[in-house]
1. Which one is farthest from Lys215 (Cα to Cα), of the residues in segment 78-97 that are within 16 Å of the ligand (Cβ to nearest atom), free of Cβ contacts under 8 Å to residues at least 12 places away in the same chain and open to solvent by 70 Å² or more (accessible area, probe 1.4 Å)?
2. Ala109 versus (1) under 14 Å from the mean Cα position of the chain (by Cα); (2) under 20 Å from Glu226 (Cβ atoms): which is the lone unmet condition?
3. Could you say whether any residue in segment 259-266 is among the basic types (Lys, Arg) and surrounded by 15 or more Cβ atoms within 10 Å (Cβ to Cβ)?
4. What pairs come out if I take residues in segment 16-45 that are at positive phi and pair them with residues that are of a type in the set (A, V, I, L, M) and open to solvent by less than 20 Å² (accessible area, probe 1.4 Å) whose C-beta lies under 9 Å away, six or more apart or interchain?
5. Taking only segment 176-220 into account, find how many residues are farther than 30 Å from Gly254 by Cβ and open to solvent by 20 Å² or more (accessible area, probe 1.4 Å).
6. Tell me which residues, restricted to segment 178-208, are in contact with a helix residue (DSSP H, G or I) (Cβ under 8 Å, 6 or more places away or on another chain) and over 14 Å from Thr107 (Cα atoms).
7. Which of the residues that make up segment 98-110 are open to solvent by 10 Å² or more (accessible area, probe 1.4 Å) and in a helix (DSSP H, G or I)?
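The values are calculated or read from the model by the stated rules, or taken from the named source; none is laboratory data. Just so it is clear, the structure is predicted and the values come from calculations on it, not from any experiment. Neighbour counts are summed over all protein chains in view; Cβ atoms, including those assigned to glycine, are modelled from backbone coordinates with ideal geometry. Accessible surface is based on the protein model in full, side chains and every heavy atom, while ligands, DNA and RNA are left aside. Shrake-Rupley method; radii C 1.70, N 1.55, O 1.52, S 1.80 Å.
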Amino acid sequence: MTDRSESDTVAFEVRNGIAWVKFNRPEKRNSMSPKLNRRMMEVLDALEYRDDVGVLVLTGEGTSWTAGMDLKEYFRETEAQGLGGTRKAQRESYGWWRRLRWYQKPTIAMVNGWCFGGGYGPLFGCDLAFAADEATFGLSEINWGILPGGGASKVATELMPFRKAMYHALMGENIDGRTAAEWGLVNESHPAAALEARVTEVATILLAKNPIALKATKDAIRRVREMTYDNAEDYLIRAQEAANSFDNEGRKEGIRQFIDDKSYKPGLGAYDRSKQTV
Ligand code: COA
């Protein structure tokens, strides 16, 4: 198949509170074309505030997570439309990666196979990342004569120590899932056959947490990295107060179950949200 419709470039289903979203161009190794980028934004839009979605997992159909930008449709064909075409394609891809970075629900990259170049954008966009041992990661840009753009250089230096990021970008050598975990690109690596079970386990733990606190926490962890200590302290006070105005009762219930009921210990797990009455 070469002419997949735009709506078919992304697949998704919701099961038990988890939205499983897939890059769905396996015949093109899930490379990101303008069609796919537009469709992904629509899918993220449609899922973000659904009550039956608590966590979003981004994975890929077939042998690839994503082989990065589509060299033909994203680069060559948009360049042929002039600067306007290039900028439009950039807005469409960077737009959904940014959306993912600040998504309302926690997001998990489940990297099942190839992950190249532009794929580092959505990889970083996801809050957590789990790879198959058999997955392959690479900043292949240097191999075809460009720099790692579209945020990929930034992602490399955000996630990896300087020497590793520089080596990875200059050499164009690939690493497997285990090495990606060692270098900080992903949280963990597991044999492909065990990957979905581990991601489901992590997502299920997240589903039990207070959703307002999850959003406030994921934003806080991203924001404070760029702040001085004093600015971070101030931001966190204000972010907590803002979160309280959305959810005054959740944290009170959390304190109540620990201090009064003695039914759980926050150091060892989450409070029981089903007992919250307001
Ligand atoms: N852009 C456009 N097309 C791509 C693509 C990409 N990034 N990655 C794969 N494809 C296409 C191939 O052109 C091929 O199309 P065809 O069947 O019409 O000839 C099809 O997907 C299958 O790719 P193929 O190379 O035969 O698959 P493979 O399993 O042997 O190899 C890769 C997989 C990922 C190693 C290889 O496709 C590759 O190197 N892709 C480019 C990766 C890259 O540098 N991405 C960075 C972009 S920023």
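1. This residue is Ala80.
2. For Ala109, the exception is condition (2).
3. Just the residues of segment 259-266 that are among the basic types (Lys, Arg), to begin with: 262, 265.
Filter again for surrounded by 15 or more Cβ atoms within 10 Å (Cβ to Cβ), leaving none.
So far as segment 259-266 goes, no, none of its residues is among the basic types (Lys, Arg) and surrounded by 15 or more Cβ atoms within 10 Å (Cβ to Cβ).
4. So the pair list comes out as Asn16/Ala203; Gly17/Val53; Gly17/Val55; Gly17/Ala203; Asn30/Leu36.
5. 14
6. Within segment 178-208, Trp183, Gly184, Leu185, Glu188, Ser189, His190, Ala208 meet the criteria.
7. Arg98, Arg99, Arg101
Residue-by-condition table, conditions (1) part of a loop (DSSP other than H, G, I, E, B); (2) free of Cβ contacts under 8 Å to residues at least 12 places away in the same chain; (3) more than 29 Å from Gly138 (Cβ to Cβ):
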position	(1), (2), (3)
Lys215	no, no, yes
Asp219	no, no, yes
Arg251	no, no, yes
Lys265	yes, yes, yes
Ala270	yes, no, yes
